[in-house]
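The values are calculated or read from the model by the stated rules, or taken from the named source; none is laboratory data. Quantities reported herein were computed from a predicted structural model and do not represent experimental measurements. Positions of Cβ are generated from backbone atoms using ideal geometry, with glycine treated the same way; all protein chains shown enter the neighbour counts. Just so you know, the surface numbers come from the protein's heavy atoms only, side chains and all, with ligands and any DNA or RNA stripped out. Shrake-Rupley method; radii C 1.70, N 1.55, O 1.52, S 1.80 Å.
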Amino acid sequence: MIILPAIDMKDGRCVRLRKGEFSTASQVADNAMETARIFAAAGARWVHMVDLDGARDGIRQNFPAIHEVIQQSDLQVELGGGIKSCADVDAVAGAGAARMVIGSAAAAHPEVVEYALKQYGPDRVAVGIDCLNGRVRTAGWEQDSGLDYLELAQKMEEKGIRTIIFTDIATDGMLCGPSFGQLAALQSAVGCDIVASGGVTTLDDVKRLRDMGLYGAIIGKAYYAGTIDLAEAVREGGAQQ
C-alpha cells in the first residue's frame with residue numbers, strides 16, 4: 001500500500017484544516033520543499049498536495065511552491081485542488097504532476113474527467129470523492145452536490161477512472177480514525193484502486209487499511225501532530241510504487 005504524506009497549501013503556507021473548514025486553517029510547516037525532502041528521507045515515494053485556494057476560488061497563488069516540489073523533490077506529486085476545466089488539466093499535467101486529482105468537476109462537469117483521460121490516460125488521472133454523511137461535497141467542500149458517493153464512484157469507473165481518493169470530511173483533520181465502513185462499501189461498489197484520506201491517525205490504522213487491500217493511504221495531520229511515524233508507516237505499507 002502506498003503511503004502519501006500530505007501538504008495542503010493556502011496563501012502560500014503549509015496548513016491543515018479541521019473537517020475542511022477554511023476558518024480552522026493552521027500553519028504546520030514553514031516550507032513545502034523542505035517538508036517534501038523530509039518525506040523523501042522517511043522513505044515516501046509520493047506526496048499528496050492540495051491547492052486549497054485553487055479548490056475554493058480557482059486562484060493558483062500556491063503554484064510556485066507546488067511547482068518547486070514537483071521539479072526538485074524527487075517525489076511523485078499527486079495534486080488536487082482547483083482542477084475545474086480542461087485548461088486546468090493541461091496546466092497541472094504540464095507542470096509535471098504525476099497524477100492529477102479531479103474533485104468538484106467530476107460531479108459538476110464530468111466532461112473534464114473525460115478530457116483528462118483522453119489526453120493523459122488513466123495512470124495520471126484520479127477522481128477525488130469528498131463526502132459528508134455519504135453525500136458528495138464540492139467547491140472546497142462547501143457545497144452539497146446532492147450526489148451519493150457510491151453512485152458517483154460507479155459513474156467515474158464507467159468513464160475509465162482507475163483511481164479514487166476517498167475522503168470522509170467528518171474525519172478529516174480530526175485524528176479519529178478513517179471511515180472503514182464507507183471505504184469497505186466503496187471497495188464493494190467499484191473495482192478501482194482506492195486511496196483512503198481523512199482520519200488516518202495511528203500505525204494500527206495504516207495496518208488495517210493495508211489489510212483491507214487498499215491501494216493507498218494519505219497521512220496528513222497525524223504526521224504533523226506526531227501521532228504517527230512516517231517512516232514506520234511507509235514500512236508497514238509495504239512496497240512503495
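With respect to the conditions (1) closer than 19 Å to T201 by Cβ; (2) among the β-branched types (V, I, T); (3) open to solvent by 90 Å² or more (accessible area, probe 1.4 Å), I59 falls short on a single one, namely (1). Answer yes or no: is there a residue in the stretch 33-51 that is touching a residue at least 12 places away in the same chain (Cβ under 8 Å), under 21 Å from G20 (Cβ atoms) and open to solvent by 20 Å² or more (accessible area, probe 1.4 Å). Yes, because at least one residue in the stretch 33-51 is touching a residue at least 12 places away in the same chain (Cβ under 8 Å), under 21 Å from G20 (Cβ atoms) and open to solvent by 20 Å² or more (accessible area, probe 1.4 Å). Just one of the listed residues (Q71, Q61) is in a loop (DSSP other than H, G, I, E, B) and not basic (K, R), and it is Q61.
Per-residue answers, yes or no, for (1) modelled with pLDDT under 95; (2) under 23 Å from M174 (Cβ atoms); (3) charged (D, E, K, R):
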residue: I3; (1), (2), (3): no, yes, no
residue: D11; (1), (2), (3): yes, yes, yes
residue: V15; (1), (2), (3): yes, yes, no
residue: E21; (1), (2), (3): yes, yes, yes
residue: A40; (1), (2), (3): no, no, no
residue: A44; (1), (2), (3): no, yes, no
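Here is the figure for the stretch 208-241: residues that are more than 19 Å from R45 (Cβ to Cβ) and surrounded by 14 or more Cβ atoms within 10 Å (Cβ to Cβ) total 5.
For every residue, the table says whether it meets (1) touching a residue at least 12 places away in the same chain (Cβ under 8 Å); (2) crowded, with 19+ Cβ neighbours inside 10 Å; (3) of a type in the set (K, R); (4) farther than 17 Å from W46 by Cα.
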site	(1), (2), (3), (4)
D74	yes, no, no, no
A87	no, no, no, yes
A98	yes, no, no, no
I102	yes, yes, no, yes
A107	yes, yes, no, yes
E114	yes, no, no, yes
K118	no, no, yes, yes
V125	yes, yes, no, no
I129	yes, yes, no, yes
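Looking for whichever is part of a helix (DSSP H, G or I), more than 23 Å from G226 (Cβ to Cβ) and in contact with a strand residue (DSSP E or B) (Cβ under 6 Å, 6 or more places away or on another chain) here; the options are V101, V92. Which one fits? Reasoning before the result, please.
Details: V101 fails: part of a helix (DSSP H, G or I).
After ruling out the rest, the residue left standing is V92.
Taking only the stretch 1-27 into account, find how many residues are within 14 Å of G54 (Cβ to Cβ), open to solvent by less than 30 Å² (accessible area, probe 1.4 Å) and charged (D, E, K, R). Count: 2. Only one of the listed residues (T167, T138, T171, T163) is at pLDDT 95 or above and hydroxyl-bearing (S, T, Y). That residue is T163. Does any residue of the stretch 138-147 turn out to be surrounded by 20 or more Cβ atoms within 10 Å (Cβ to Cβ) and either without any contact (Cβ under 8 Å) to a residue 12 or more places away in the chain or part of a loop (DSSP other than H, G, I, E, B) (or both)? Checked against the condition, which is being surrounded by 20 or more Cβ atoms within 10 Å (Cβ to Cβ) and either without any contact (Cβ under 8 Å) to a residue 12 or more places away in the chain or part of a loop (DSSP other than H, G, I, E, B) (or both), the stretch 138-147 yields at least one hit. Entry remark, the stretch 148-196: residues being open to solvent by 20 Å² or more (accessible area, probe 1.4 Å) and not in a loop (DSSP other than H, G, I, E, B) number 17 in total. Would you please name the residue that is modelled with the highest pLDDT, looking only at residues in the stretch 46-58 that are part of a helix (DSSP H, G or I) and among the aliphatic types (A, V, I, L, M)? Filtering the stretch 46-58 for residues that are part of a helix (DSSP H, G or I) and among the aliphatic types (A, V, I, L, M), the one modelled with the highest pLDDT comes out as L52.
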